[in-house]
Structures are given as C-alpha cells and as structure tokens.
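Everything on this sheet refers to the single structure shown next.
Since every read-out is calculated from the coordinates, none of them should be taken as a lab result. Please read all numbers here as calculations on a predicted model, not as lab measurements. Methodologically, a virtual Cβ is constructed for each residue, glycine included, from the backbone with ideal geometry; neighbour enumeration extends over all protein chains shown.
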Amino acid sequence: MTQDKVSALEAVSDTYHYGFETDIDAETAPKGLNEDIIRYISAKKNEPEWLLDFRLKAYRHWLTMTEPRWAKVEYPPIDYQDIYYYAAPKTDKKTEIDPELMKTYEKLGVPLHEREVLAGVAVDAVFDSVSVATTFRDRLAKQGIIFSSISEAVQNHPDLVKKYLGSVVPYTDNFFACLNSAVFTDGTFVYIPKGVRCPMELSTYFRINAKKSGQFERTMIIADDNSYVSYLEGCTAPQRDENQLHAAIVEIIVMNDAEVKYSTVQNWYPGDKDGKGGIYNFVTKRGLCRGVNSKLSWTQVETGSAVTWKYPSCVLMGDNSVGEFYSVAITNNYQQADTGTKMIHLGKNTSSTIVSKGISAGKSQNTYRGLVKMGKNAENARNFSQCDSLLIGSQCGAHTLPCMLSSNPTASVEHEATTSKISDEQLFYCRQRGLNAEESVSLIVNGFCKDVMQKLPMEFAVEATRLVAVTLEGSVG
Amino acid sequence: METLVKRERLTVAENENAVFIERELADRLEIDVKAGARVKHYRLHGGADNALTVRIGENAAYELVTLHLGNGDLSMSFDLAGEGANCRSDVVYILSGDEKSVIASDVRHNADKTVSAQLVKGAVGGRGHAAFQGGILIPYDKKEIDGAQQHRALLLSRDATVEAVPRLEIYADDVKCAHGSAIGTLNQDQLYYMRTRGIDETDARALLTTAFLNEVLDGIEDESVRAEFERLADEGLKK
Amino acid sequence: MTAWLEINDLRAKAGDKTILNGLSLSIDAGEVHVIMGPNGSGKSTLSNVLCGNPHYEVTGGSVTFKGEDLLKLNVEERARLGVFLAFQSPVEIPGVSMATFMKYALNARRKAAGEKELDAVGFMKRIKVRAQALNVSDEMLKRPVNVGFSGGEKKRLETFQMAMLEPDFCILDEMDSGMDVDAVKVAGNGVKIMRSPERSFLVISHNIKFIREQIMPDKVHVLANGRVVADGGVELLDEVDKNGFAGFVKEAVA
C-alpha cells in the first residue's frame with residue numbers, strides 16, 4: 001500500500017478507518033436459512049448438481065449439530081434465521097465493475113486496475129457474497145496458474161474443485177464449517193501447477209457491506225508438486241451496531257516439495273468502546289501437507305472482530321513436511337479472541353514451529369489455544385512453541401492453553417510461555433526520550449510482536465504495524 | 001516430624017514448622033497452613049485415586065514433593081489465600097506396563113504477592129499413559145503475582161503416551177508468569193557420550209533417566225526421605 | 001534574575017520514605033555541574049524527580065527550567081523541553097531497534113513542535129555522523145534497545161542518544177559506573193563534544209578521576225540526606241578525595 005493511500009484511509013474515520021458504508025444496491029436472498037435458500041444460492045451461481053448435493057448434505061447435517069461453546073468467549077445466542085445468506089452488489093453488466101464499488105476498494109487501498117497495482121500483487125476482491133474482480137488473471141494463466149473466484153472455478157475447473165472441496169475440512173468438521181459448507185457464497189480459488197513458482201503475491205480483500213448479511217467465503221489453495229505461492233488476505237467491515245457473522249473456511253493442499261505461505265491481516269470491525277456491534281469471526285482454516293518436503297506457513301495479525309474463534313492448522317502427513325504458525329492477536333475494549341493452531345504430526349521427520357504473541361488491553365479477553373500432536377509414526381518429529389502474552393491495564397485477561405500429546409518416543413515437543421506486563425521502567429524510559437504514553441505503548445508492543453511481524457510480506461507489515469497502534473488507541477490513560 | 005496414616009484434615013498453627021511424610025494416603029486430604037507457618041510435605045502416591053487440597057495463609061510457605069508410581073489419579077489444589085503465601089509443589093511420576101494416570105494440579109493465586117512454583121517430571125514406559133493437567137489461575141485485581149510451572153516428560157517406549165494440558169488463566173496485569181512443557185526422549189548425544197566411555201546402553205539410559213528425575217527428588221531436604229524416594233523411583237523405573 | 005535551571009527547597013518521597021529534604025541548586029546555561037554524595041543521599045532520586053518519574057512524589061519546593069515550571073509538566077513534555085537523562089541502568093525494550101527508537105523519539109519531538117517529520121535521508125545522515133563519533137557500530141543500532149549489551153555498551157548508547165536528541169539539559173546518572181577505561185573516555189568525549197554555551201550538564205558520579213579528567217566541571221555539589229551540604233569548585237573534589245563524605249554527612253545531620 002502506498003503512503004498516499006494510507007493517509008487517505010486515515011482520513012475516513014477516527015478509530016476504525018474502514019467503517020464507511022458503500023451506497024450500492026444489493027441483490028439479496030430473503031432472510032433466513034432453509035433448503036430453498038440453499039437452492040436459490042446454488043441456482044444464482046449456476047452450480048452443478050453435485051455441488052447442490054454437497055450443500056444440502058451439509059445443511060441437513062448442520063441441523064443436527066449444536067454451536068460449540070467451549071471457547072473462552074461469551075456472546076448472546078445467534079439467530080441464524082435473522083441473517084441474509086446471500087447479498088450481491090447489483091450491477092448492470094457482469095463484466096463491468098460498478099464505479100461505487102471501485103471507489104470503495106480505492107478507499108480501502110485495494111487497487112483493482114492493473115496499472116494501479118503495486119508490482120507483484122494480484123488481487124481478488126470479495127464484496128459481501130460475490131467476488132467482483134480478479135486482476136492479473138491473464139498473466140498468471142500463461143503459467144497455468146488459476147487465480148479466480150471459487151464460483152468461477154466451479155464453472156471452469158469443476159473437476160479440481162470437486163476433487164478437493166471438503167477434503168481438508170469435511171463438512172462434518174464443526175458447526176461453523178458445516179454452516180459454511182451449506183451456504184458458502186464466494187471466495188478465492190488458487191491452483192499452482194507442478195514446478196511453478198507464482199511470480200507475484202496473490203491477495204484477496206474481503207469486505208462485509210450489506211446490513212444483517214453474513215459472510216461465508218470459502219478459499220481453496222492447491223499447490224502441486226514443487227510449486228510455491230504466497231497468499232495474502234485482508235478483511236474489513238463497516239461500523240454497525242448489530243453483530244455480523246463471518247464463518248469462513250480455508251482449505252490448503254500442499255503436494256511434494258511445494259510451499260504455501262498464507263498471511264492474514266484481520267481487521268473486521270471490532271465493535272465500539274462499549275462492546276456494541278462488531279463481527280463474529282468464526283473461521284476454520286486448515287492445510288494438509290500431503291507431499292514429502294511440503295511446507296505450509298500461516299502468519300496472522302488479528303486486530304479486529306468482536307469475537308474471534310480461529311485455529312489455522314497444519315496436518316503434516318508427508319515425510320519431512322514443515323508447518324509454521326506465527327500469530328499476533330491484539331484485543332482491546334470488549335474484544336474477545338480465542339485463537340491458536342493445531343499441528344498434527346503424522347509423517348516422519350516432520351517439524352513445526354509456533355510463535356504466538358497475544359496482547360490484551362481494556363476489558364478484553366485473549367486466549368491462546370493450541371494442540372500439538374505427535375502420532376505413532378511421527379519418527380523424529382519436532383515441535384517448538386513459544387507463546388507470550390502481554391497485559392495492558394488491570395481489567396483484561398490473557399490465557400494460555402497449549403495442549404500437547406505425544407505417542408512417539410523419538411518425537412520431541414517443547415512449549416514455552418510467558419505472561420507479563422509493560423513495565424513502568426520501560427514506559428518511563430520511552431517517555432523520557434519524548435514519546436507520549438500511547439506512542440510508547442505502541443512502540444513496545446510492536447517490539448514485542450516483531451518476530452511475527454517480520455514474517456509478513458513488506459506491504460502488509462506496514463499496514464499491520466499501523467493497525468497495532470490504532471487497535472491500542474485509548475488503552476493507556 | 002510425624003508420620004501420617006489416613007488422616008483427612010490437618011491444620012498447621014500460626015508460625016509453626018512442620019514436616020509431613022505420607023506413605024499411605026487417605027482418599028482425601030485437606031491441609032490448612034495458617035499464617036507464617038512453614039510446611040514440608042513428602043508424599044508417596046500410587047494405586048488409588050487421591051485428592052489433596054491445601055490452603056496457604058499469609059506469609060506461610062508450603063513445599064510439596066510427590067512421588068507417583070503406577071495407576072491412580074492424583075488431584076491437587078492449592079489455594080494461596082493469604083498475602084505473601086508461597087507454594088512449591090513438585091511431582092515425579094513413573095508409569096510402566098498398562099498403567100494409566102491423570103495428574104491434575106490447580107494453583108490459585110487468591111491474594112497479593114503470592115508466589116508459586118511447580119516442577120513436574122515424568123517417565124513413562126510400557127504401554128503407559130500419563131496426562132498432566134496443570135492450571136494456574138490469577139484472579140482479577142491481584143497484584144505482584146509470580147507463578148511458574150514446568151513439566152517435562154520422557155517417553156521410554158514405543159507404546160507409551162504422554163499428554164500435557166497446561167491451563168494459564170490470568171485476569172490481572174501485575175504478574176510474572178512462566179510456563180514450559182516438553183515431551184521427548186533422552187538426549188542422544190549424552191547417551192552416545194556415555195557409551196563411548198564403555199557404559200552399555202541399558203545402563204546409560206537408566207542413569208540418564210534417574211538423573212532426569214532426581215532434579216526434583218534432590219530438593220528433598222531430609223536425607224533419609226530423599227534416599228527412600230530415590231530408591232523407590234529406581235525400583236519404579238526397573239519395572 | 002533566575003538561573004537557567006533553578007531548584008528551590010525541593011522535597012520528594014518514594015512510597016513512605018522521604019528522600020529529598022529541601023534541596024536547592026541552580027545551574028546556568030553552558031555550565032557543567034557535578035553532584036557527589038554517599039549512597040542513599042538522594043542523587044538518583046534527584047535525577048528521576050527532575051524527569052518526572054511517576055514512582056516519586058514531589059511534596060514541596062519548585063523547579064523552573066528555561067522559565068517554565070518543570071514540575072507541572074509530564075515526563076515527555078519535560079523531555080521535549082530539552083531535559084535528558086542518561087540512565088544508570090537503562091531498561092531493555094525487546095524487538096525495538098535503537099535506530100527505530102531514535103526515529104520515534106525525534107519525530108515525537110518534531111511533531112510536538114509542529115515541525116515536519118524527518119525524512120529517511122535526513123535521519124540516516126544524523127544517525128551516521130553521531131554513531132561514528134561515539135564509536136557506535138551499525139550492528140549496535142540494529143539490535144534491540146539495551147538488549148544483550150554489556151554495561152559499558154549500554155552507557156555508550158546512552159551517550160549516543162544524548163547526541164541524537166540534542167537536549168538543552170543533560171543529567172548523567174553514574175555514567176562512569178561499570179565501564180572500562182576506554183568506555184569512560186567515550187562517555188567523557190560525549191560530554192566534551194556536546195558542551196556548548198546553550199547546554200548545561202548535571203553529572204552524578206563517585207569517580208573523582210573521571211570527573212577531573214573527563215568532565216572538568218564548573219561547579220561541584222555534595223549531597224547528603226537529601227540536601228546540598230556543600231557547594232564549590234573543583235577544590236571540593238580534593239576534600240572528598242582526602243576525607244570522604246563523613247564530614248559532610250555530619251554537617252547534614254547537625
């Protein structure tokens with residue numbers, strides 16, 4: 001993101017810089033959820049029979065499930081019949097992008113026209129339920145890379161979608177994943193063919209705009225043998241008093257010698273100072289390192305959402321495969337985050353690294369929850385986890401629940417965790433050099449998160465660092 | 001020094017010093033350590049389930065070393081109730097054959113300036129299954145808290161399993177809390193080094209495992225108790 | 001006319017303990033003053049109180065600096081007015097490099113003064129020149145603030161920060177402690193380079209050799225029981241050298 005764009009964004013609102021609403025007609029399905037709505041969505045998207053069957057099977061299973069309540073988060077019951085499951089911006093011609101939409105994305109700093117795109121970033125933008133533009137597609141296609149909305153992939157590459165859909169996150173996996181499987185509307189599909197190193201960062205920008213609409217996107221990334229891709233995801237939503245649901249699924253498949261980097265900067269609207277409004281971010285992200293020497297790296301900076309429930313995971317099946325999870329989660333005011341990862345070691349010589357930095361301020365609750373599992377056949381598997389929590393103020397909470405299970409004597413699992421506060425000495429030192437209290441806290445927190453921040457691609461790191469400061473606004477007196 | 005047999009409630013009066021050695025455990029034991037008292041408590045556990053509850057008063061210090069052998073679940077709860085209370089609660093567990101055990105500990109910092117430290121070390125062989133569930137709770141508004149928990153386990157056979165479920169719940173900011181957990185095997189370099197000196201592999205393993213567990217048992221001040229616990233641990237490892 | 005820095009009957013406590021007990025002192029622009037005194041006489045408290053450390057509570061007296069009531073300002077406002085403290089034991093700030101730290105500190109001052117932020121080129125120039133003069137390597141600038149440095153290196157970095165921020169009034173709290181001979185020279189060199197008619201120094205030290213050879217003060221004060229018990233020139237150093245503080249302490253009690 002260029003400096004100009006950053007400052008343009010800052011002008012939008014005081015605290016939450018993405019809180020504006022776009023005045024645009026939306027074509028919505030009636031409120032509520034039933035088989036007819038699912039058929040409506042499927043018909044709107046002109047989907048093949050097998051996909052409708054998949055959705056209906058998921059929906060029927062979902063009806064038998066109950067919402068999970070084990071996470072350390074509290075929120076009132078969600079009325080699933082009070083949500084719009086499909087909202088598409090109405091445009092005259094499908095190929096033309098509505099100028100209002102273009103303006104929105106410009107405000108967000110997402111350039112859609114190729115000439116505006118910073119070198120090396122191709123963008124897919126999802127607005128409510130529909131993917132509105134995918135840049136650079138032709139150039140990527142020349143190398144056999146598929147980068148499109150998942151709806152288009154269903155039309156153009158049905159075999160690939162059918163083969164992998166639900167293969168990493170089955171619809172039976174959990175309540176929210178099951179709901180997503182029934183009603184998912186759009187999302188991104190990426191396929192990198194054998195031996196191809198994707199020449200640019202691929203990026204999706206998600207935005208919830210329509211009132212009372214949920215966002216249920218589904219992202220699939222398949223990295224074939226010996227390929228590489230770096231994928232970035234950013235999220236924003238307008239400021240609203242009511243809570244909105246976001247229940248996404250990300251499935252990643254990594255084949256022999258392939259590598260996928262997945263970075264997220266999550267800045268959904270967190271609610272106001274009194275905890276009113278904000279996004280419920282209930283997301284299932286999982287990757288399968290299927291091939292030998294495969295590698296999957298998750299990096300996330302979580303600053304937004306009223307409630308976050310999210311555990312990007314790696315199933316390390318291929319021998320020598322590598323899983324990484326780097327996370328910064330910042331909560332302020334009444335935000336609640338319950339986030340972490342699962343590293344499931346199945347293959348020989350598999351290794352994983354977890355670095356988690358949790359920062360709680362205000363009256364927020366911030367939980368790291370993790371699972372590291374060494375299977376019977378995980379010979380010489382290795383895991384190292386480092387989870388640090390920082391508390392700002394005396395009314396917030398920081399919790400660490402790192403579960404580990406080992407059934408192989410040659411495997412090694414190691415976890416370290418610390419909890420501390422910003423010391424008075426550190427604050428005094430920074431202020432003595434002329435920084436005010438808020439600047440001092442933001443500087444110290446950015447230092448605390450540095451190990452994770454430096455894993456982010458350059459253009460995201462700048463935004464993430466700034467978000468840290470924005471999120472912590474008002475956290476010190 | 002007194003030897004306890006199947007008593008259920010104990011109170012240590014203010015500013016008293018006491019040493020307890022428990023060889024046969026009651027199903028439940030509650031200890032109330034009054035202000036300023038200092039207690040050293042050594043327990044042999046195994047076979048049956050047991051629950052221990054300890055309340056530690058103002059500026060009192062309570063020190064526990066438990067040697068757990070074999071089946072049976074062990075549940076421990078420590079309430080640091082008075083300002084300046086100090087609690088150390090170390091455990092060694094050894095499982096073999098088909099033995100299964102859940103070792104659960106809860107440390108609650110219910111007063112300011114309380115300090116807790118816990119070192120749990122385990123060795124699991126055969127088809128043994130051990131689960132360590134360790135909680136530290138620091139409630140809202142508590143100040144100058146220091147809590148530490150370390151868990152280390154060795155898997156001695158192909159079919160052994162160890163599960164660790166630490167739980168740190170912190171609702172206050174004036175805290176220092178450190179936690180670590182590791183599950184693995186003996187250090188291969190150390191094994192190799194010993195073998196180059198002519199020690200056979202079985203002996204080298206035994207020696208290293210004993211050394212690993214003795215980090216906890218060495219903390220027992222009373223020499224005869226320490227010797228007894230170390231001997232029992234050795235026997236447990238040889239099963 | 002009041003002096004550049006005027007401390008009058010200053011009283012302060014930490015917790016329930018009174019540490020400064022009616023301390024008066026004035027320093028004019030361009031002067032270098034040294035404060036000596038036995039342990040617990042209030043030297044470090046004085047430096048912290050002048051900088052507004054919230055750990056200490058001022059219970060009486062006044063401090064004016066450049067005509068402003070210093071005690072009314074918060075920590076960063078005093079810093080921006082030109083008060084700099086070289087800490088006795090600087091705290092670690094993991095993950096924040098010294099270069100980043102200085103950029104933030106400089107820009108905070110400029111922002112407060114309504115000036116434009118320094119551009120990258122201007123900043124690099126400023127940092128390069130000063131780092132070279134004080135023997136601070138690029139590698140030291142890239143490492144996190146005070147993390148993993150020796151005592152001497154930390155002090156050298158304190159001197160470096162002083163040179164970067166160009167304060168008007170520098171307090172050096174036991175700069176020479178824990179440093180080897182070469183490092184002491186660097187610290188002394190920092191003071192020499194920085195010395196100017198528009199800048200004054202308050203140097204807290206026990207090291208008479210360091211004060212004589214490196215600092216060359218205009219005035220020397222002896223502190224005991226939270227008060228100044230003797231003022232003078234370098235000749236005071238000889239007296240302390242010969243007889244220690246015993247005589248001064250007695251004076252303070254009496």
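In the protein assembly as shown, the ratio of gyration radius to Kirkwood radius, Rg to Rh, stands at 1.02 when only Cα atoms are counted. Positive end of the dipole of segment C:5-253 (Cβ unit charges, origin at the Cα centre): among C:Asn74, C:Asn53, C:Leu157, the Cα lying farthest that way belongs to C:Leu157. Under 5 Å between amide hydrogens, built in the peptide plane, is the criterion, and for A:Leu165 it picks out nothing among residues at least 5 positions away or on other chains. Considering segment A:313-446 at the alpha-carbon level, its Rg and Dmax are found to be 17.8, 57 Å. When the charge dipole of chain B is built from unit charges on Cβ atoms (+1 for Lys and Arg, -1 for Asp and Glu) and taken about the Cα centre, the candidate among B:Ala206, B:Gln118, B:His45 whose Cα reaches farthest toward its positive end is B:Ala206.
Only alpha carbons enter this Debye calculation for segment B:2-185, each as an equal point scatterer, and the log10 of I(q)/I(0) it gives at q = 0.18, 0.20 Å⁻¹ is -1.13, -1.30. What is the sum of charges, Lys and Arg at +1 and Asp and Glu at -1, for the other residues whose Cβ falls under 14 Å from the Cβ of A:Lys342? Net charge in that neighbourhood comes out at +2. Over 26 Å between Cα atoms, which of A:Lys72/A:Lys373; A:Lys142/A:Lys342; B:Lys34/B:Lys143 qualify? Checking Cα-Cα distances, A:Lys142/A:Lys342 exceed 26 Å. Projected over every direction and averaged, the convex hull enclosing the alpha-carbon atoms of chain C yields 14.0 nm². Sorted largest first, the principal axis extents computed over the alpha-carbon atoms of segment A:250-309 equal 49, 15, 9 Å. The modelled label-to-label distance between C:Asp231 and B:Ser75, using points 7 Å beyond Cα along the C-beta direction, is 7.3 nm. Put +1 on the Cβ of every Lys and Arg and -1 on every Asp and Glu Cβ in segment A:281-382; which of A:Ser321, A:Thr308, A:Gln365 then has its Cα farthest towards the positive end of the dipole? Farthest along the dipole direction, towards plus: A:Ser321.
Restricting the chymotrypsin sites (Phe, Trp or Tyr not before Pro) of segment B:63-142 to loop positions (DSSP other than H, G, I, E, B) with no more than 16 neighbouring Cβ atoms within 10 Å leaves B:Tyr140. Residues whose amide H falls under 5 Å from that of A:Lys342, counting only those 5 or more places apart or on a different chain, are A:Ser313, A:Cys314, A:Leu371, with hydrogens built in the peptide plane. For segment C:1-114, the extents of the C-alpha atoms along the principal axes are 40, 34, 25 Å, listed from largest to smallest. If both residues of a DSSP beta bridge must be in the protein assembly as shown, then about 15% of such bridges are antiparallel. Dipole magnitude for segment C:95-237: about 440 debye, using +1 per Lys or Arg Cβ and -1 per Asp or Glu Cβ, origin at the Cα centre. Only the Cβ atoms of Lys and Arg (+1) and of Asp and Glu (-1) were treated as charged; on that basis the dipole of segment A:372-477 about its Cα centre amounts to roughly 240 debye.
Under the convention that each Lys and Arg Cβ holds +1 and each Asp and Glu Cβ holds -1, the size of the dipole of the protein assembly as shown around its Cα centre is about 1440 debye. A cut-off under 14 angstrom between Cβ atoms defines the neighbours of C:Glu198, and their net charge, with Lys, Arg +1 and Asp, Glu -1, is -1. The loop-placed GluC sites (Glu not before Pro) in segment C:170-254, going by DSSP, that have at most 12 neighbouring Cβ atoms within 10 Å of their Cβ come out as C:Glu198.
Computed over neighbours whose Cβ is under 13 Å from that of C:Ile19, the net charge equals +3, Lys and Arg +1, Asp and Glu -1. For B:Glu144, the residues 5 or more places off, or on other chains, whose built amide H falls under 5 Å of its own are B:Lys113, B:Asp174.
Helical runs assigned H by DSSP (4 residues or longer) give chain B a calculated mean residue ellipticity at 222 nm of -5500 deg cm²/dmol, each run adding -39500 (n - 2.57) before division by the residue total. Rounded to the nearest Hz, the phi-derived 3J(HN,Hα) couplings of segment C:203-210 under the Karplus curve 6.51 cos²θ - 1.76 cosθ + 1.60 (θ = phi - 60°) are 10, 9, 7, 9, 8, 5, 4, 4, where x marks glycine and proline.
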